[in-house]
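This report concerns only the one structure given below.
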Amino acid sequence: MRDSGVKHSVQPSMLHQTASVVRAELREIFTDGGVLLIMLFAIFIYTTLYGVAYGSEVLREVPIAVVDMSHTPSSRRLTTALGEGASTQVKFVAQDIEEVRRLLYEREIYGAVYIPADYEERLVGGKQAAVAIYCDASYFLIYREAFEQIVATLTATGAMAEFRRLVAQGMGEAQAMAVTEPVIYESHTLFNPYLGYGTFVMPAIIIIIIQQTLLMSIGIIGATKPSKKDFGKFHTTADIHPSIFALMAGKTTAYFMVSGAVASLALTLPYYLLGYPMLGSVWTVVAVIVPYILACTMLGIALSTLFRHREEPIMWLLWSSIPILMLSGVSYPTSAMPEPLAALGALFPSTHAVEAFLRVRDMGASVAEVAPSIAALWIQTAIYGALALVTLAHRTKKARLPELLEHPRSS
């Protein structure tokens, strides 16, 4: 054997190598301002902003207008009832439809009710009174609140008018009530008792924010290291590199520790502060979140090997947040999506985690009931982990190539 003149130290144990990589990655996280901002603070900033924005849960006092062509006590009672609804406010009593059109175009109102001139005559005469409803459907939530409130008010007002007419004709009150309201029902709203928009959308947004911030943070760290020319280097002994398995285990452990702590706070504090439903066992939530964070970590490590500059992860991953939210099945059911889009959404860990997490937290599902989603997350963890190992090995070998060429081993 011919000595090349290079001293080779004894390779440390696997555990020692992994621990060294963990320390190095934690140092990268807590000394990099950009990573700290995205990985630790961004998730709390986003959840706070969105939580406050959706804090009222439901829309109140949607402005509407009434066109009263009847000018009778019955039409005035209807106008008063429309203004007393929880969701609507009669802001204008318009003179005609043209004024309503102008108010709608100028966004002064989002709905209108047209009461015809023969409203009371037909109502008292036992005939059907036609009332026209106009609602702005360009804001879907506003449309829903305004339309439902107007319809409920018209139904109640019509039933009361019919009740009074029957009583005036000599029918007993109990019989008149049975005629005007033949079926009495009780409404029980499950899982989202206040029909709040924040309760509906915030849990999914938090899950997706966890994924996106983790992917961007890992991408920034991965893009920073080649510029330092120490990618994959063992950080306690400069001339020794860890094995690819130690490098992978160390990175995964460090990212999981930090993101797990952040995720545990992000998935509990908003629920306590904003009063979202907290059904389901904590251990069931853990059974969902652990493979979710691992799958995101593996995907992040694999993607991080593609970036060469710190700005690239933000540019490539930030724009994808909205499409990922759309494909997760929250805003629109995946069963109604074209199959290629549904398959594309299934590639992201967030799609499976959102489905499982909502069923656990909002509906109280057990581990067995969300087992398919949990299994999908573990499968993604294995697939993305294998991909991360391959890409990490390739990039580490490429990073060490100049050193190997400088100090070749010969026999």
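All of Leu317, Leu247, Leu299 fail the test of being at pLDDT below 85, in contact with a helix residue (DSSP H, G or I) (Cβ under 6 Å, 6 or more places away or on another chain) and hydrophobic (A, V, I, L, M, F, W, C), apart from Leu317.
Do we have Lys225 as modelled with pLDDT under 85, open to solvent by less than 10 Å² (accessible area, probe 1.4 Å) and at negative phi here?
Working: modelled with pLDDT under 85: yes; open to solvent by less than 10 Å² (accessible area, probe 1.4 Å): yes; at negative phi: yes.
Here the answer is yes, as Lys225 does meet what is asked.
Restricting Ala386, Ala346, Ala371 to those that are open to solvent by 30 Å² or more (accessible area, probe 1.4 Å) and touching a His at 6+ places or on another chain (Cβ under 9 Å) reduces the list to Ala346. Sub-9 Å Cβ pairs linking a first residue in the range 346-362 that is touching a residue at least 24 places away in the same chain (Cβ under 8 Å) and of a type in the set (Lys, Arg) to a second residue that is in a loop (DSSP other than H, G, I, E, B) and open to solvent by 40 Å² or more (accessible area, probe 1.4 Å), at least 6 apart or interchain, are Arg361/Met278; Arg361/Leu279, ordered by first then second residue. Thr157 meets all of the listed conditions (1) of a type outside the set (A, V, I, L, M, F, W, C); (2) more than 19 Å from Val62 (Cα to Cα); (3) assigned to a strand (DSSP E or B) but one, namely (3).
Condition test on Arg107, is it outside any helix (DSSP H, G or I) and open to solvent by 70 Å² or more (accessible area, probe 1.4 Å)?
Values: outside any helix (DSSP H, G or I): yes; open to solvent by 70 Å² or more (accessible area, probe 1.4 Å): yes.
Judged against the criteria, Arg107 is a match.
Selection over the range 363-376 of residues that are out of contact with any Asp or Glu (no Cβ under 6 Å at 6 or more places or on another chain) and touching a residue at least 12 places away in the same chain (Cβ under 8 Å) gives a count of 8. Taking the residues in the range 145-173 that are under 26 Å from Tyr54 (Cβ atoms) and among the charged types (D, E, K, R) as candidates, determine which candidate is most open to solvent (accessible area, probe 1.4 Å). Out of the qualifying residues, it is Glu148.
Whether a residue is aliphatic (A, V, I, L, M), outside any helix (DSSP H, G or I), within 30 Å of Tyr54 (Cβ to Cβ) and under 37 Å from the mean Cα position of the chain (by Cα) was assessed, and Ile142 does not pass this test.
Please go through the range 295-329 and pick out each residue that is closer than 20 Å to Glu339 by Cα and either of a type in the set (A, V, I, L, M) or part of a helix (DSSP H, G or I) (or both). Let's see the steps before the verdict.
Residues of the range 295-329 that are closer than 20 Å to Glu339 by Cα, as a first pass: 320, 322-329.
Once the filter is applied, which keeps residues that are closer than 20 Å to Glu339 by Cα and either of a type in the set (A, V, I, L, M) or part of a helix (DSSP H, G or I) (or both), the range 295-329 yields Ile322, Pro323, Ile324, Leu325, Met326, Leu327.
Just a yes or no: is a residue in the range 307-315 charged (D, E, K, R) and surrounded by 19 or more Cβ atoms within 10 Å (Cβ to Cβ)? No, there is no match, as no residue in the range 307-315 is charged (D, E, K, R) and surrounded by 19 or more Cβ atoms within 10 Å (Cβ to Cβ).
Looking only at the range 177-186, decide whether some residue is free of Cβ contacts under 8 Å to residues at least 40 places away in the same chain, in contact with a helix residue (DSSP H, G or I) (Cβ under 8 Å, 6 or more places away or on another chain) and of a type in the set (Phe, Trp, Tyr). Looking for residues that are free of Cβ contacts under 8 Å to residues at least 40 places away in the same chain, in contact with a helix residue (DSSP H, G or I) (Cβ under 8 Å, 6 or more places away or on another chain) and of a type in the set (Phe, Trp, Tyr), one finds none in the range 177-186, hence no. Based on what the data block shows, is Val62 in contact (Cβ under 8 Å) with a residue 60 or more places away in the chain, of a type outside the set (Phe, Trp, Tyr) and crowded, with 16+ Cβ neighbours inside 10 Å? So Val62 passes the test. Report the residue count in the range 110-151 for those that are in contact with a helix residue (DSSP H, G or I) (Cβ under 9 Å, 6 or more places away or on another chain), among the β-branched types (Val, Ile, Thr) and over 15 Å from Thr79 (Cα atoms). Selection size over the range 110-151: 1.
For the range 267-293, name all the residues that are within 22 Å of Thr381 (Cα to Cα), of a type in the set (A, V, I, L, M) and touching a residue at least 60 places away in the same chain (Cβ under 8 Å). Steps first, answer last, please.
Of all residues in the range 267-293, those within 22 Å of Thr381 (Cα to Cα) come to 267, 282-293.
Now restrict to residues that are of a type in the set (A, V, I, L, M): 267, 282, 285-290, 293.
Answer for the range 267-293, where residues must be within 22 Å of Thr381 (Cα to Cα), of a type in the set (A, V, I, L, M) and touching a residue at least 60 places away in the same chain (Cβ under 8 Å): Leu267, Val285, Ala287, Val288, Ile289, Ile293.
Take Glu99 and tell me if it is in a loop (DSSP other than H, G, I, E, B), modelled with pLDDT of 90 or more and either in contact with a Lys or Arg (Cβ under 8 Å, 6 or more places away or on another chain) or surrounded by 14 or more Cβ atoms within 10 Å (Cβ to Cβ) (or both). It would help to see each step written out before you state the result.
Numbers: in a loop (DSSP other than H, G, I, E, B): no; modelled with pLDDT of 90 or more: yes; either in contact with a Lys or Arg (Cβ under 8 Å, 6 or more places away or on another chain) or surrounded by 14 or more Cβ atoms within 10 Å (Cβ to Cβ) (or both): yes.
Judged against the criteria, Glu99 is not a match.
Restricting to the range 329-346, name every residue that is under 27 Å from Ala261 (Cα atoms) and at pLDDT below 90. Give the steps one after another, and end with the answer.
Taking the range 329-346 and keeping what is under 27 Å from Ala261 (Cα atoms), we get 329-330, 345-346.
Matches in the range 329-346: Gly329, Val330.
Considering the conditions (1) aromatic (Phe, Trp, Tyr); (2) at pLDDT below 85; (3) under 18 Å from Gly260 (Cβ atoms), Tyr50 is excluded by exactly one of them, (3). Within the range 123-142, residues that are under 15 Å from Thr157 (Cβ atoms) and open to solvent by less than 80 Å² (accessible area, probe 1.4 Å) sit with their Cβ atoms under 9 Å from residues that are assigned to a loop (DSSP other than H, G, I, E, B) and acidic (Asp, Glu), at 6+ positions apart or across chains, in these pairs: Ala129/Asp118; Ala130/Asp118. Filter the range 36-59 down to the residues that are hydroxyl-bearing (Ser, Thr, Tyr) and under 15 Å from Ala204 (Cα atoms), then identify the one that is surrounded by the fewest Cβ atoms within 10 Å (Cβ to Cβ). Restricting to residues being hydroxyl-bearing (Ser, Thr, Tyr) and under 15 Å from Ala204 (Cα atoms), the top hit is Thr48.
The values are calculated or read from the model by the stated rules, or taken from the named source; none is laboratory data. Predicted model only: the values in this text are computed from it and were never measured. Cβ coordinates were reconstructed from backbone atoms using ideal geometry, including for glycine residues, and neighbour counts include every protein chain displayed. Remember, those area values only see protein heavy atoms, side chains included, never the ligands or the DNA or RNA. Shrake-Rupley method; radii C 1.70, N 1.55, O 1.52, S 1.80 Å.
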